[in-house]
Number of protein chains: 2
Amino acid sequence: MPQTPRKVSENIMYHNLAPSSILKIEQNSPRVPPKRLHAATRTYSTKVLTEDTMNPNMVTLQYAVTGPIVVRAIEIEKELAKGVSKPFKNVIRVNLGDAQAMGQKPITFVRQVLSCVSNPSLMETGMFPKDVIEHSKAIINDCAGQSIGAYTEDFGVRVIRKHIADYITKRDGGIPSNPENVALSTGASGSIKHVFEMFATHAEKKVGVMIPIPQFPLYSATIEEFGLGKVEYYLAEEKNWGLDVDELERAYQENSEKYNVKVLCVINPGNPSGQVLSRQNMEEVIEFAYKHHLFLMVDEVYQDNIYADGVKWQSFKRVINEMGAPYNKMELASFHSSSKGYMGECGVRGGYVEFFNLDPKPYFHLEKMVSAKSGSSVLGQTAIDCMVCPPKPGDPSYDQWLKEKTAILDSLKERAKLVEETFGSLEGISCNKLQGAMYAFPRLLLPSRAVEKAKSLHLEPDFFYAKQLLESAGICVVPGSGFGQKEGTYHFRTTILPQIDVMKDMLARFTSFHKKFMEEYR
Amino acid sequence: MPQTPRKVSENIMYHNLAPSSILKIEQNSPRVPPKRLHAATRTYSTKVLTEDTMNPNMVTLQYAVTGPIVVRAIEIEKELAKGVSKPFKNVIRVNLGDAQAMGQKPITFVRQVLSCVSNPSLMETGMFPKDVIEHSKAIINDCAGQSIGAYTEDFGVRVIRKHIADYITKRDGGIPSNPENVALSTGASGSIKHVFEMFATHAEKKVGVMIPIPQFPLYSATIEEFGLGKVEYYLAEEKNWGLDVDELERAYQENSEKYNVKVLCVINPGNPSGQVLSRQNMEEVIEFAYKHHLFLMVDEVYQDNIYADGVKWQSFKRVINEMGAPYNKMELASFHSSSKGYMGECGVRGGYVEFFNLDPKPYFHLEKMVSAKSGSSVLGQTAIDCMVCPPKPGDPSYDQWLKEKTAILDSLKERAKLVEETFGSLEGISCNKLQGAMYAFPRLLLPSRAVEKAKSLHLEPDFFYAKQLLESAGICVVPGSGFGQKEGTYHFRTTILPQIDVMKDMLARFTSFHKKFMEEYR
């Protein structure tokens, strides 16, 4: 989209400067002879980089998870700290999938390994179990100069890539994974951005990317950032947020004139929608993608977060392989992260992508680009290594690791159930089963008077609700409009991450607020 | 640059599939009724993503530092490991500014803090000095949930941004720095990419970015990646790689029709050129940038690597401020890193940018984009914190920290001198003073027979030389063409990072190779 910066003659430059600046230039600048100033061609503003002259994609990019509701939440926290009286004592932030920020304790094994690779002299102290030391040494010995202070290979430390491939092979029932197809990055977000960037052709007919609605807004933000075309398909709320092939087909057909649709993104388990796709649904989606020659981008970062009884998660890679030809030749990128699951190590920014059936040339070009920015952090890579290569039965760290892991996953399951039950018991709310991931995305059946009130304030009704919830009950959720929803429906996303006592407090505060709200606008 | 993917009818798809694949589709795919296959519109290739359909900027992007010479060096290392006989026992890699990969020991204080923030239980063991613990606690206490496992604020942990601002204020003789203008990133590379991305308008008339030649190829690679226009200005080799204003003017004038030139990049101390700019030269450059209304991007990551006697480094921010109005209103982005200096913590990927006089709106839009990818690693940020807030006199860690720091910087100085002297003593090589940074960029005065020989092999003469140097002496440098050089001149870049014994071995091997090479082609 060509955009010509507004250029004006040098005369106008002076009009645009504040009078005091003109004075300063004239009085205090013996270094600049007037001829130089006049010779210069200036843009309208006195700044080189402004909202009008900068990358327009960054201007239009939206990211709701940390949007205005969160900004207001931070303000309220500051007001509380100053002693301003509120109907609550603290803000409960359930806007972000950030487990440790909400009190989840780190896994001991992970932190022991991180400290040993950071400070190898600790391995001589006798303080650490043998498997922690072996694990740490395996990583360090594969770093240049036997130090995490050295740059790694572009796509990560070789032994870590091998561990990831071994983990995937085992997870997928023996379908082989090749370490050469695994690339580590700064969080899974880093890899997701890399793949989108590969599709950014800047052609007049944009490359179209199919994303679910509701979706995790990293997707819409990155599509905007790289000038891609957003093709929205609605998840079927009435089928527990499953993917409906007729809806995929509608979205494809309605956009294939405008865009060159090439990519299908699926988030499974779903964020914010919390569903786990059935095998049959996955096969339908794969057939659809095959039919339209689409590249599959599958966000599988919540693969360890499965709560509902009888529900089993499978990777898309496994399914396309088990479906046989021609599906097993489809191009696929699958993302995973150490920020979710039971570890929740968001701050260390570990992530990876496994490519399958990717043409070697795009992979080569991606590697050059990653090489130019010198790759990702060894410590983020180390967190991934701990995830894919945890202690084994018989290892000295195994019992503690298993106990901590199980406690976290069990507690998440309990919290998922609590949230589901509370929302299920309230008038004006309908909530699907939380099969997986870390979120609930309940639907608000708002009274028409509440909708009218919101519209009279020029607010989206779900934003209005979320704002009231924050101001009255100190609960910070993200309005559904940040993730997308069908016209005329209203939702919000809450995480299930507060620890159990805080969660109970939140649900009580929520219930009381919601009943009052419904009463007020009935 | 509009690029229409080659589309063909579904018939051609079959021609393009290998015969065995057609067979497989026909024999093994009961799931796909033929009507579906025929309904699909396919691109010419069987892959969705190919070199022809992907982001063309990533295809043309070049990054020489890890280019073909390095690939060959890795092959040779493998051959040596297999027992293949070579005229040398090992490959000495001097292609990359990666100190710890070349044997530099990490600073104890840094690693102690990294291990304590990773594993806070270590702080209770009594093993660590009081200042290490205080430092670590200050960081952890400012993380959400008091854990490095939580996402940080988009631009980094607040106390670390404050420490950076304090450090800059002190460094610049009291000129104030505001923590709000400091943004941490994955290495300085991350910040450099962010700033370039802000300038990527995709307008028909590209935004032009002035970069030095020779340059660190992250700049040319990122300019290519974001579709910007590269405006090359040559450093004056005869003036110890200083910036000549007439040359800046030439580059600007010759490109201002084609590009909308908006950015001037300066690397100081220079990479690969090793110069430290004089105050007078900086003022000339600033006047030039002011005259043409350019945004200053200054790469100051080698600010602690100053070796030449009597040479003093100053920040561009300090100079524009001390020059007074109107220069002190100029927009500036300055980059720094924990990968260089005396710490050399490349693998932890710490870096930051300080903006000065940036319009708040572009900054806001950058923050949204960084927020969508969830920011940078707390551990990279921690390394930066140790750099800007090291032990103070009287602190228990101070003496050891000072001793280690001084030893590293003294040793680098000694090695800079050794390299300078060796290159200075050889016929056919001319080398400027190594005033700063970590590199020498000597000029090769190649005999015409060597140039002819290279050309007969369709190689750049400096690539030919570097390849011979690798094959005959096991020394891996980067040819000057990777950084850019004046037509008809030939250079290479070597780091000064091998430890002193290895450095002596390298210089002996180099001297012997070079003399033979000159003899052969005289």
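Every number in this text was worked out from the coordinates using simple rules, so none of it is lab data. On a predicted model such as this, the values are computed, not experimentally measured, just so you know. For neighbour counting, all protein chains shown are included, and Cβ atoms are generated from backbone atoms with ideal geometry for every residue, glycine included.
Tabulated data
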item	result
Computed Rg/Rh of the stretch B:105-207, alpha carbon atoms with Kirkwood Rh	1.09
Antiparallel DSSP beta bridges within the protein assembly as shown, as percent of all bridges there, nearest 5	50
Taking B:Lys467, B:Lys206 and counting other C-beta atoms within 10 Å, the order from fewest to most	B:Lys467, B:Lys206
The stretch B:461-518: proportion of alpha-carbon pairs further apart than 13 angstrom, %	61
For A:Asp299, A:Asp52, B:Asp410, order by how many other beta-carbon atoms lie within 10 Å, fewest first	B:Asp410, A:Asp52, A:Asp299
Phi to ³J(HN,Hα) by Karplus 6.51 cos²θ - 1.76 cosθ + 1.60 over the stretch B:490-502, Hz, x for Gly, Pro	9, 9, 8, 10, 10, 7, 10, 8, x, 5, 3, 5, 5
Pairwise Cα inverse-distance average, inverted: Kirkwood Rh of the stretch A:203-355 (Å)	15.9
Over the stretch B:394-488, relative contact order from alpha-carbon pairs under 8 Å, at least 6 apart, %	14
Per-residue mean of C-beta atoms belonging to partner chains within 10 Å, peptide A:324-331	6
Relative contact order for chain A, counting Cα pairs under 8 Å that sit 6 or more residues apart, in percent	19
Per-residue Cβ neighbour rank within 10 angstrom, fewest leading, B:Asp246, A:Asp462, A:Asp399	B:Asp246, A:Asp399, A:Asp462
Under the Debye formula (equal points on every Cα, no solvent term), log10 I(q)/I(0) of the stretch A:389-522 at q = 0.09, 0.13, 0.15, 0.18 Å⁻¹	-0.33, -0.59, -0.73, -0.97
Other-copy label distances relative to A:Lys392, 7 angstrom Cα-Cβ extension, nm	5.2
Shape of the stretch B:44-117, Cα gyration tensor, a/c cut at 1.5	oblate
Debye, to nearest 20: dipole size of the stretch B:237-337, +1 on Lys, Arg Cβ, -1 on Asp, Glu Cβ	380
For A:Gly351, distant residues with modelled amide H under 5 Å away	A:Ser185, A:Gly187, A:Ser338
Intensity falloff of the stretch B:293-375 expressed as log10 I(q)/I(0), Debye formula with alpha-carbon point scatterers, at q = 0.14, 0.23 Å⁻¹	-0.63, -1.16
For the stretch B:80-141 and the stretch B:448-464, distance of Cα centres in Å	42
Helix-only [θ]222 nm of the protein assembly as shown, DSSP H runs n ≥ 4, -39500 (n - 2.57) each, per residue, nearest 500	-13500 deg cm²/dmol
Amide H partners (placed H, <5 Å) of A:Ile267, local residues excluded	A:Asp299
Fraction in percent of alpha-carbon pairs per bin - 20 Å, the protein assembly as shown	12, 42, 37, 9, 0
Residue mean of other protein chain beta carbons inside 10 Å, A:113-126	5
Approximate shape of chain A as ellipsoid semi-axes (Cα gyration tensor, √5λ), whole Å, largest first	38, 33, 28
Summed side-chain charge close to A:Phe441 - residues other than A:Phe441 whose Cβ falls under 13 Å, Lys, Arg +1, Asp, Glu -1	+1
In Hz, Karplus ³J(HN,Hα) per residue of the stretch A:147-159 (6.51, -1.76, 1.60; θ = phi - 60°; x = Gly, Pro)	8, 6, x, 8, 4, 8, 4, 3, 9, x, 4, 4, 5
Cα-only radius of gyration and Dmax that characterise the stretch A:308-445, units Å	19.6, 56
At 7 Å out from Cα toward Cβ: B:Lys486 inter-copy label distances (nm, ascending)	7.1
Span per principal axis, largest first, for the Cα atoms of the stretch A:32-185 (Å)	69, 57, 40
Cβ-Cβ FRET estimate between A:Leu80 and B:Ser85, R0 fixed at 56 Å, reported to 0.05	0.15
Among A:Ile384, A:Ala333, A:Ala372 - extreme Cα towards positive end, dipole of the stretch A:301-397, charges at beta-carbon	A:Ala372
Shape call, the stretch B:332-372: gyration tensor on alpha carbons, a/c limit 1.5	oblate
Scaled radius of gyration (Cα, divided by 2.2 N^0.38 Å) that the stretch B:86-151 gives	1.64
D_trans [Stokes-Einstein, Kirkwood Rh over alpha-carbon pairs] for the stretch A:347-403, 4 °C, 1.567 mPa s, µm² s⁻¹	93
³J(HN,Hα), Karplus 6.51/-1.76/1.60, whole Hz, each residue of the stretch A:104-112, x for Gly, Pro	5, 7, x, 6, 3, 4, 4, 6, 5
Amide H partners (placed H, <5 Å) of B:Gly242, local residues excluded	B:Ala236
The stretch A:176-282: C-alpha gyration tensor shape, a/c 1.5 cut-off, then a/b vs b/c	oblate
For B:Ala81, inter-copy label distances in nm, listed shortest first [label point 7 Å out on the Cα-Cβ vector]	5.1
